[in-house]
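Worksheet: the structure to be examined is printed underneath.
The values are calculated or read from the model by the stated rules, or taken from the named source; none is laboratory data. Values in this document were obtained by computation on a predicted structure and should not be read as measured data. Glycine gets a Cβ as well: all are built from the backbone with ideal geometry, and neighbour counts include every protein chain shown.
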Amino acid sequence: MKLVLFLFLFLFTLSTFSEKSFSLSYYEIKKFCEKERNERKCIKDLSEKKFNLKKGNLIEIPVIPYKY
C-alpha cells in the first residue's frame with residue numbers, strides 16, 4: 001500500500017511540474033535592470049529572453065555572484 005501511494009505521489013508531482021516555465025514580469029525586469037549601466041539594452045535583452053522562453057526555446061541564464 002505504501003508503495004502504491006509513493007508511486008502515485010511521485011507521478012503526480014512529476015506530471016505537475018514537467019512542462020512549466022516561469023519568466024519575469026515586465027516590472028521585475030525593469031527593477032532588475034535599474035542597477036545596470038545600460039538600462040535600455042538590459043531591458044531589451046531580458047524581454048527577448050522572456051519571449052524565447054515562452055516560445056519554448058532554450059536560453060542562457062547568467063549567474064551573478066552575490067557580494068557581501
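Quick notes
- Candidate set: the range 13-29, residues that are surrounded by 13 or more Cβ atoms within 10 Å (Cβ to Cβ) and in a loop (DSSP other than H, G, I, E, B); chosen: the one modelled with the lowest pLDDT: Ser23
- The combined condition, being surrounded by 10 or more Cβ atoms within 10 Å (Cβ to Cβ), at pLDDT below 75 and assigned to a helix (DSSP H, G or I), is fulfilled by Phe10.
- In the range 35-68, the residues that are in a loop (DSSP other than H, G, I, E, B) and at pLDDT 85 or above: Lys35, Glu36, Arg37, Asn38
- Selection status of Phe32, modelled with pLDDT under 75 and hydrophobic (A, V, I, L, M, F, W, C): no
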